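Here is the structure we will look at, set down as structure tokens.
The values are calculated or read from the model by the stated rules, or taken from the named source; none is laboratory data. Keep in mind that what you see is a predicted model, and the values were worked out from it rather than measured. Neighbour counts run over all protein chains shown; Cβ positions are idealised from the backbone, glycine included. With ligands, DNA and RNA removed, areas are computed over all heavy atoms of the protein, side chains included. Shrake-Rupley method; radii C 1.70, N 1.55, O 1.52, S 1.80 Å.
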Amino acid sequence: MHSQDLLAADTGMGAVTLRVADLDAMTAYYRDGVRLTVLAQQGGRVVLGRPAAGGAPGGRTVPVLVLEHEPALRNAGPGQAGLFHTAVLFDTRADLAAALYSVATSYPQSFTGSADHLVSNAFYCTDPEGNGVELYWDRDRTQWSWTHGSVDMDTVYLDPNAFLQEHLTAEALEHAGSRPGRVGHVHLSVGDVATAETFYVDTLGFETTAAVGGQALFVSAGGYHHHMAMNTWNSRGAGRRQLALGLGLVRIEVPADDDLGALTARMRDAGVQTADDGRTVAFEDPWANRIEVTTTGRG
């Protein structure tokens, strides 16, 4: 691909929106378990994330999740496309350990597994309404290995108790609420990988970083191991989603207006219907997962 067809190297992920049936229970899980901070709450909408560094007035907060109360909706049926998990990235292993300890003590039944992926340490949970959650920490990029353009990742058992014993500190526990993670990547369930590659790589402008046969695809900007992933493990052959609880919106952040303009042109050239207000362009992927791309104004 030409460089002008790629997302900017410092592209990142923004807040994920979930449509929820029990707003109070879901807020409590992400606040008291994952230890995100409630940044705003109005009516049936709660924004949780990372507060401004040091609590400084006027500092930049980092939204991670937006919960929208939709009690009239129902869960999607089995085998449908949608969210596989939202992955929350922590700055240090101590911060990750504090979040893991909090989930394990407050919501022990939500824990589903753990893995050393070579590029990262990851722990997996399921929130009270069945949405997947990954809590993880990245090894330094100098420790990642690449083979013929693909990042080397694996799934090696990671003992959560040993991880806590090695990395949990009183200081991290005390400050867990003031330095929670941010969205590192978003993993989707889709109907087929080839269509996902056409959309997310050829059109949207991510680069493929790894693939698992015809079952899973990992994509990123700027050489990250993955900003997004798509798999068919539970959803092979799924068509477009119907309105349901679960994933409402995936946000991608590009650094400059020119990056947003180039992306918008690519989507329109590919025949993707978009809504564009000059700062945000919105569209749907082939499974009706809603995507918004915004500019952070850094470029």
Ordering THR155, THR37, THR142 by the accessible surface of their heavy atoms, 1.4 Å probe, largest first, yields THR142, THR155, THR37
Mean shadow area (nm²) of the C-alpha convex hull around the stretch 182-299 is 7.5 nm²
The answer for the longest stretch of the chain without any exposed chymotrypsin sites (Phe, Trp or Tyr not before Pro) (DSSP loop, at most 14 further Cβ atoms within 10 Å) is 1-156
Output for the stretch 208-261 (equivalent-ellipsoid semi-axes, sqrt of 5λ from the C-alpha gyration tensor, Å, descending) is 24, 19, 9
Cα-based Rg/(2.2 N^0.38 Å) for the chain, rounded to two decimals, is 0.96
Here the percent of antiparallel bridges among DSSP beta bridges lying wholly in the chain, to the nearest 5, is 75 percent
In nanometres, the difference between 0.36 nm per residue of separation and the alpha-carbon distance of ASP5 and ASN75 is 21.5 nm
The answer for trypsin sites (Lys or Arg not before Pro) in the stretch 25-106 that fall in a DSSP coil and have at most 14 neighbouring Cβ atoms within 10 Å is ARG60, ARG74
Heavy-atom accessible area of VAL293, protein chains in place, probe 1.4 angstrom, given in Å² to nearest 10, is 0 Å²
Rounded to whole Å², per residue accessible area for the chain with a 1.4 Å probe reads 44 Å²
With all protein chains present and a 1.4 Å probe, the order of SER145, SER102 from largest accessible area down is SER145, SER102
Once ASN161 and THR126 are pulled to full extension, the length gained, defined as 0.36 nm per residue separation minus their Cα-Cα distance, is 10.7 nm
In a Gaussian network model of the chain with springs linking alpha carbons closer than 10 Å, the residue among PRO63, PRO71, PRO180 that fluctuates most is PRO71
Only helices counted: for the chain, with every DSSP H run of 4 or more residues adding -39500 (n - 2.57) and the sum spread over all residues, [θ] at 222 nm is -4500 deg cm²/dmol
Expected max-MSF residue from GLN242, GLN109, GLN42 in the GNM of the chain (alpha carbon, under 10 Å) is GLN42
With every protein chain in place, the accessible area of GLU129 for a 1.4 Å probe, in Å² rounded to the nearest 10, comes to 40 Å²
